[in-house]
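Everything on this sheet refers to the single structure shown next.
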Amino acid sequence: MKTIRLTTAQALVRYMMAQRVIVEERDLPLFAGTFAIFGHGNVAGMGEALYQVRDQFPTFRAHNEQAMAHAAIAYAKTRMRRQMMACTTSVGPGATNMITAAALAHVNRLPLLLLPGDVFANRRPDPVLQQIENFTDPTTVANDCFKPVSRYWDRITRPEQLITSLPQAIRTLTSPSDCGPVTLCLPEDVQAESYDYPAVFFERHYHDQLRPEPDRGELTRGLDILSRAKKPLIIAGGGVLYSGATDSLASFAERYMIPVAETQAGKGSLPWNHKSAVGAVGVTGSAAANELAREADVVFAIGCRLSDFTTGSRSLFQNPDVTLLGLNVCAFDSIKHRAEPLVCDAKVGLEKLDHGLSSTVSAARKAWYDRAYGLAQGWHEVTDQLTAKVDGDCPTDAQVVGAVQRSAGAQDVVVCAAGGLPGELHKHWRTDQPGGYHVEYGYSCMGYEIAGGLGVKMAKPDSTVFVVVGDGSYLMMNSEIATSVLLNRKLVIVVLDNGGFGCINRLQQGCGNESFNNLFAEGTRVDGEIPQVDFAAHAASLGAESTEVTDVAGLEQALKQARRHSRTSVIVIRTDAKTTTQEGGNWWDVPMAEISSSEDVSAARQVYQDKIKHQKVDG
Ligand SMILES: Cc1ncc(C[n+]2csc(CCOP(=O)(O)OP(=O)(O)O)c2C)c(N)n1
Ligand SMILES: [Mg+2]
């Protein structure tokens, strides 16, 4: 057998480079490169291996391990999971900094290859710098924390373990159903050890997009459910986009007259003004989609996790005879809420259903579809009104969203993750294309926004990437502004400064509580002074263009300039912390104190007790 002698790190890198995909007839690497922050735990092992191939396999230097993993995740999401990136770190804090990002990739079902350095397998220098030292089990180390947030986890304690572990790791990353983060812990001594690897291990390997077909029985039941439905509603989740099923969905919905609502991950499944589109559904949903969801006799969830935000914590689907049909490539998701499962790829599933359904649509169905269209038009008017240009300082989030929307072209992308903005964007943002709306709302992780924007820009260099971010999220993680300058990946970042954690403050008050510990100006212990954070000066210090504006007209002007700048631009605007879109939406389960000395809390609890009666928890 022909062999090649390589270090573990060299073999790992070479194997990554051999993995390929064909996307839209282009022959591309599965891994677009790796982000890296070096320390003693990876600089001499992985660092050496990456240096050797730096011209063929790019290494990107970042500033925070969590943030670089966010960027890698955003890259994979933008490439619809067909291409991805790796992240290599040192041992200890560099490694554990990525745990939040691993959780984010896990919940969002996105591929991410994490390569944290690990303590010496030979244990000679124990305890090495940054080793935690378990008192009773020396095999339990900090990197074990990745286990619950990884779809595949391994520790490579001998070089030859790569031969069996790497194919499984790649299978997980490229599987439509098991997709998620893979963690391969790399003890620092093992990274540098060599082995005679079989040459065939490094042969080019192409990874097809797998499209599982449905079971015949499940398909028959699905056809039966859909053909009997008088008031069906499709809920399109991220799975529609990852499957590339958007065209199939558009024609299916039109042919069978089924309105389509979208989750946060599924937004963009249909162009916003498509005949069948009724907009966002759930807690952050449009009044149109939610009215239909309350009445629907069949909820046809496609590629959707049915999270509490989609189902209004199981209160939204109020028709007593509602049947759920769960078309999902992932069996785990397909049976939630007593759904009839249809386990298959979204595109394939829709095509099979299309084959089996009669094209004659009942009058009841037609009336429902026409009504849905009318409701959607009504919602567009709400959006027009709430996002319109206004005079005066301190606009609402929706008005800022309107200005960004007016500045964005058809190919551009909006990025967000946490705070009040995802709700406003879900309700009001309009996109014509899959991938035009990039809101991470599975983990809704503050600090994803700017780093995520960087990943989006790396994946879609020709689009303008608008990052809209609250002051809280900005302060939590902004270091990748410097990385975007360093890598020449321009972002347009709009910081909405409402003086603190606005959405949690509103939630707190909605639960009967006083403002406490959220806004700088209200109910926050201030022993010193309220910090007047100069976000524009801060962004400039990281190398960005920056400016502060006071009103929507100023914002529009600044956005125009930002489009012309070649560098990342940060635009700061003070916004109203109290006003959000009241139209649309749905109740969300946030438990309140059962006993309290506050009358307001007790009153809120009473309301809560009533609300939870409408939750349907039956499967
Ligand atoms: C890492 C992380 N910590 C805490 C939270 C809980 N949380 C959600 S939104 C929010 C406040 C966000 O503040 P900001 O970015 O200013 O947005 P705003 O609410 O003001 O719109 C907090 C603390 C979170 N989602 N992520
Ligand atoms: Mg804020």
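Observations on the model:
- Rounded percent of accessible protein surface that carbon and sulfur make up, the range 504-593, 1.4 Å probe: 50 percent
- Taking the helices alone, the chain has a mean residue ellipticity at 222 nm of -11000 deg cm²/dmol, built from -39,500 (n - 2.57) per DSSP H run of at least 4 residues and averaged over all its residues.
- Trypsin sites (Lys or Arg not before Pro) within the range 26-100, DSSP loop, no more than 11 other Cβ atoms inside 10 Å: Arg54
- Estimated at the nearest 10 Å², the accessible area of Tyr437 is 10 Å² with a 1.4 Å probe.
- When only alpha carbons of the range 420-473 are considered, Rg and Dmax amount to 11.1, 30 Å.
- Euclidean distance of C-alpha centroids, the range 127-176 and the range 332-385, integer Å: 42 Å
- Set Lys77/Lys490; Lys230/Lys616; Lys77/Lys147; Lys457/Lys560; Lys147/Lys460 screened for pairs whose C-alpha atoms are more than 27 Å apart: Lys147/Lys460
- For the pair Ser251 and Leu486, label points projected 7 Å from Cα toward Cβ lie 4.7 nm apart.
- Each label point was placed 7 Å from the Cα along the Cα-to-Cβ direction; for Ile612 and Leu28 their separation is 4.7 nm.
- Between Ser596 and Thr360, the contour length at 0.36 nm per residue exceeds the alpha carbon distance by 79.1 nm.
- Solvent-accessible area of the range 58-144 (1.4 angstrom probe, protein heavy atoms only): carbon and sulfur portion equals 51 percent.
- For the range 86-180, the per residue solvent-accessible surface stands at 40 Å², with DNA, RNA and ligands left out and a 1.4 Å probe.
- For the range 127-242, alpha-carbon Rg and Dmax in angstrom: 21.7, 67
- Cα-derived Rg to Rh of the chain, Kirkwood definition: 0.98
- Convex hull per residue volume in Å³, alpha carbons only, for the range 390-503: 103 Å³
- A 1.4 Å probe run over the protein chains yields, for the range 427-539, 38 Å² of accessible area per residue, whole-number rounding.
- Note on Arg305: accessible area is roughly 80 Å² with a 1.4 Å probe, heavy atoms of protein only.
- Of the three principal axes defined by the Cα atoms of the range 20-173, the extents in descending order read 53, 35, 33 Å.
- Taking all protein chains as they are arranged and a probe of 1.4 Å, the heavy atoms of Trp272 leave approximately 80 Å² accessible to solvent.
- Pairs from the list Lys275/Lys352; Lys336/Lys366; Lys267/Lys347 with a Cα-Cα gap above 27 Å: Lys336/Lys366.
- Converting the Cα gyration tensor eigenvalues of the range 541-595 into ellipsoid dimensions via √(5λ) gives semi-axes, longest first, of 36, 15, 11 Å.
- Residues Gln532 and Asp55, FRET efficiency given R0 of 56 Å [Cβ-Cβ distance, rounded to 0.05]: 0.75
- For the range 233-298: accessible area per residue (Å², 1.4 Å): 22 Å²
The values are calculated or read from the model by the stated rules, or taken from the named source; none is laboratory data. Since the model is a prediction, treat every value here as computed from it, not as a measurement. Cβ coordinates were reconstructed from backbone atoms using ideal geometry, including for glycine residues, and neighbour counts include every protein chain displayed. Protein only, heavy atoms only, side chains kept; ligands, DNA and RNA dropped before computing areas. Shrake-Rupley method; radii C 1.70, N 1.55, O 1.52, S 1.80 Å.
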